[in-house]
Amino acid sequence: MRLLLEGGCFLAGLLAGSLLEVVIERVPTKQSLARPWFTCSQCSSELVPTVRALPVVWWIASRGRCKSCGERFSVRRLGVEVTTGTLFSLSAIRFGADLVLLAYCIFAGLLVVATVVDARMRIVPVRFVYPALVATLVVLPLAAVLDHSSSSLVHAAIGGASAFGFFFLVHFIYPDGLGFGDVRLAFLIGVYLGWLGEAYVFVGLALSFVFAAAAGLWLVIFRGQGRKSSVPLVPFLAAGSLITVFWGAPITRFWLGIHG
């Protein structure tokens with residue numbers, strides 16, 4: 001049963017990733033989300049309803065090229081599909097057949113989109129943060145009621161408020177270094193990590209900043225960039241948060257053991 005759930009979540013993630021690529025491509029530039037969704041960027045030929053529009057299969061069937069003009073497809077869509085499928089499957093392993101699984105799949109999808117967009121454009125558009133927030137405010141309270149885990153909801157609220165407050169303070173002190181889009185996203189990150197326990201919020205954010213600092217140091221040492229060179233923060237927030245969600249229990253116990 002678990003294998004069926006995890007495999008089903010992987011396939012659902014592949015499909016979701018295919019749709020998320022449309023969001024990544026169109027939402028930041030305020031393009032319409034109306035069909036056709038899957039087109040060649042060079043000749044605009046539609047890829048559906050052929051088999052090439054199916055997640056992953058489209059790449060194999062087309063050999064990575066448009067059949068109409070021969071343009072090589074960006075590997076990004078394939079990467080988004082596989083990454084989202086993997087994260088959905090890991091969420092199933094972590095939470096099992098529970099309603100909260102849906103919430104963490106939403107969270108994973110949001111982080112995939114935010115990571116790609118922030119890496120490309122250094123922005124975190126509210127047009128996909130707010131829908132994820134609305135979905136979260138529906139699914140997590142319902143999961144708390146069904147699972148009789150009101151304490152988890154309280155922890156989530158504390159985590160969201162703490163992360164938002166910290167990032168807002170940093171944004172207020174140094175607005176050029178941290179945009180308000182990061183502050184909004186931090187609230188959702190705090191909610192999802194807080195659901196697991198307040199200590200997870202600290203661990204997730206600490207890992208994120210360690211990763212960001214390591215990347216900045218690498219740019220200075222090996223790429224010759226100045227100390228004031230900036231790196232997009234969201235990819236590191238996503239990495240730190242997801243590692244904490246899936247494997248944060250031993251890290252948290254270790255941290256509590258040191259400081260407890």
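The values are calculated or read from the model by the stated rules, or taken from the named source; none is laboratory data. Every value quoted in this text rests on a predicted model; they were computed, and no experiment measured them. Note that each Cβ is placed from the backbone with ideal geometry, even for glycine, and that neighbours are counted across all protein chains shown. Side chains are part of the model used for accessible areas, which takes the heavy atoms of the whole protein and leaves out ligands, DNA and RNA. Shrake-Rupley method; radii C 1.70, N 1.55, O 1.52, S 1.80 Å.
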_Test of understanding: what is the full-extension gain from R72 to I123, defined as 0.36 nm times their sequence separation minus their Cα-Cα distance?_
15.7 nm
*Only Lys, Arg (+1) and Asp, Glu (-1) charged, at Cβ; the chain dipole about Cα centre in debye*: 840 debye
_With the crude spin-label approximation of a point 7 Å out along Cα→Cβ, what separation in nm comes out for V220 versus L3?_
5.0 nm
*Protection proxy ranking, peptides 17-23, 134-140, 173-179, average beta carbon neighbours within 10 Å, highest first*: 17-23, 134-140, 173-179
*Cα gyration tensor shape of region 125-260, rounded if a/c is under 1.5, else prolate or oblate by comparing a/b with b/c*: oblate
*What is the projected area of the convex hull of the Cα atoms of the chain, averaged over all directions, in nm²?*
16.4 nm²
*Report, in degrees rounded to the nearest 10, the 0 to 90 angle that the Cα long axis of helix 198-222 makes with the longest principal axis of the chain.*
60 degrees
*Rounded to a whole number, what % of the accessible area of the chain do carbon and sulfur atoms account for, probe 1.4 Å?*
68 percent
*Options A249, G160, V126, ranked by Cα towards positive dipole end of region 120-260, top entry (Cβ charges)*: V126
*Which cross-chain or sequence-distant (5 or more) residues have an amide H under 5 Å from the amide H of R65, H modelled 1.01 Å from N in plane?*
F73
_Please compute the length gained on full extension between L137 and I60, using 0.36 nm multiplied by the number of residues separating them and subtracting their Cα-Cα distance._
23.9 nm
